[in-house]
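The values are calculated or read from the model by the stated rules, or taken from the named source; none is laboratory data. What you are looking at is a predicted structure, and each value in this text was computed from that prediction instead of being measured. All Cβ positions, glycine included, derive from the backbone under ideal geometry; neighbour counts span all protein chains shown. Surface accessibility is based on the protein's heavy atoms, side chains included, excluding ligands, DNA and RNA. Shrake-Rupley method; radii C 1.70, N 1.55, O 1.52, S 1.80 Å.
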Amino acid sequence: AVLEDPALPASRAVTRGSEAHTIDGRSPEDVARLRRTTPPHLQRTLSGDLDAILSKALRKRPEDRYGSIEELRADLRRYLTGFPVHAREGLRAYRARKFVRRHWLPVGAATTVGVLLITFSLVLARANRDTRLQRDLARTEAENAQLVVDFLADVFRGSNPTDAPSDTLTAAQLVTWGVERIDTEFTDRPAIQSELLLVMANARANVGHPDEARALAERSVDLRREVFGPESEEVAKALLSASQLYRVGRAFDDAIRASGEALRIRESQLSDGHPQIGDALAEYGQALFGAQFTDSAGVILERTLAIRQESPDDVNLLTSALLALAPVRRAQGRLTEAEALYTEGIPRYRGSPGMDVGDLGLHLNNLAYLHRVRGDYDRAATLYQEALELWSDVYGPGHTNSLMIGSNLASVLHLGGRLDEAAEVLERRVATAETQWPDGHWRVASVTQGLGDLLLRTHEYERAEPVLRTAAEAFSDQLGPL
């Protein structure tokens, strides 16, 4: 039976009520209740594409199953986004072949009956016609994905240096060059152009230029509205990416608008509790928190955590929900709850396969702030120092987040009475900012002001005055006298 009998389709398995077919000791009603649905509705959800995907993954011969994890992931992504799944291609032929292998003698006798052969041939022909469009769509999708990969590889590996604007390019210059090429090479492929603009937007944010990143993300959203329609999942995904970039640039009202629209699109098309709704809720909640709608953010992020606790096997999603709710609880003054969320979430995140060093640094920064609020300045300084080293090593000491964490570190060093260390950190920040932005830039002025403030608080007035005057002049020139 293990070697030959096909596995029972999931849509049938969840409605089998006998003791022999309970799932982990649960009845079909229990299984459905855990998913906030009913057995008939769960059966309808599983039948079709999901049955086909799972059945393909459980086929007996390795060559009949998915060839890799990536193939399975791609089919699941197609299901979630409404595209035809590859698992259904040739499904009837596969079942027929298995039937013949199990019942070779009766089938051999039946070959004398021509009408059965004709009927079977007609069924296969109809299946081929039904799947031709699916194959064409899948082939186009694969070709588009390969175009994206090839383009990005060409830009970042410098495979054709004769076309590059110079033989030595910084990361920021590479992104700028990539955007220029997108605007000239993909005008006839707006879907790919949109995808590449989103990639470049994130790259621009990662090298410390959030305003330019936001502009690229907005272009991507507009293109997707034209290509896929305003209510499409593709638009929702782009809006969530844009919201993240808005938050990086502290444009929280824009982040609330974008993530709220993405959430509305998904809630209109997906059932309550769907993981993709959880993603949209998470971004919406963080945007609300950034705009200081703390209690509203807490309600939204609680709902996110509840959805993700329904699927605890997805470690990354559950971890991100814990770490998104933690700073909200801290802002509400619920410090014990916040620390518990950080204590559970940060070790989980360190060990997760998808760990991002920058995000880990930000979580450590947030936990450090909690200890600062409690007055444990030495513990806060240790966490800030680790966060600063992570960001500086990966993104450089001049990245806006590196500068922000450095300011936080200097502040707790000052509060803890470690004045010389605080001044040293701030002086390094000023020197780094001066290499990152041109003379007189308001970001340099902001960093310079931090050093001036410390000198003022330590009564070094003669040193503080020229530093603060330089910052004031830059602010006036760039941002206006008021």
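For segment 427-478, rounded, prolate or oblate, judged on the Cα gyration tensor with a ≥ b ≥ c (square roots of eigenvalues), a/c < 1.5 rounded, else prolate if a/b > b/c? Oblate shape, in that a/c is at least 1.5 and b/c is the bigger or equal ratio.
Fraction of C-alpha pairs exceeding 19 angstrom in segment 265-323: 25 percent, rounded to a whole number.
Of ASP439, ASP254, the residue with the largest accessible area leads and the full order is ASP439, ASP254 (1.4 Å probe). Using C-alpha pairs below 8 Å separated by at least 6 residues, the relative contact order for segment 369-482 is 18 percent.
Taking a ≥ b ≥ c as the square roots of the eigenvalues of the alpha-carbon gyration tensor, segment 188-309 is classed oblate because a/c is 1.5 or more while a/b is no larger than b/c. Straightening the chain between ASP393 and GLU465 buys 22.6 nm, computed as 0.36 nm per residue apart minus the Cα-Cα spacing.
For segment 294-370, the Cα-based Rg and Dmax, in that order, read 11.7, 32 Å. Packing order of peptides 399-410, 209-220, 367-378, highest average first: 399-410, 209-220, 367-378 (average count of other Cβ atoms within 10 Å over each peptide's residues).
Dividing the Cα convex hull volume of segment 336-410 by residue count, how many Å³ per residue is that?
In segment 336-410, the Cα hull volume divided by residue count equals 78 Å³.
By the scheme Lys and Arg +1, Asp and Glu -1, what is the net charge of all other residues having a beta-carbon under 11 Å from that of ALA464? So the environment of ALA464 carries a net charge of -1.
Subtracting the Cα-Cα distance of LEU58 and ALA431 from 0.36 nm times their residue separation leaves 128.3 nm of extension gain.
For segment 387-430 and segment 214-288, compute the distance between their C-alpha centroids and round to whole Å. Cα centres, segment 387-430 to segment 214-288: 33 Å. Checking the a/c ratio against 1.5 first, then a/b against b/c, what shape does the Cα gyration tensor give for segment 385-482? Taking the square roots of the gyration eigenvalues as a ≥ b ≥ c, segment 385-482 is oblate.
Length gained on full extension, SER27 to ALA215: 62.5 nm, using 0.36 nm per residue less the C-alpha separation.
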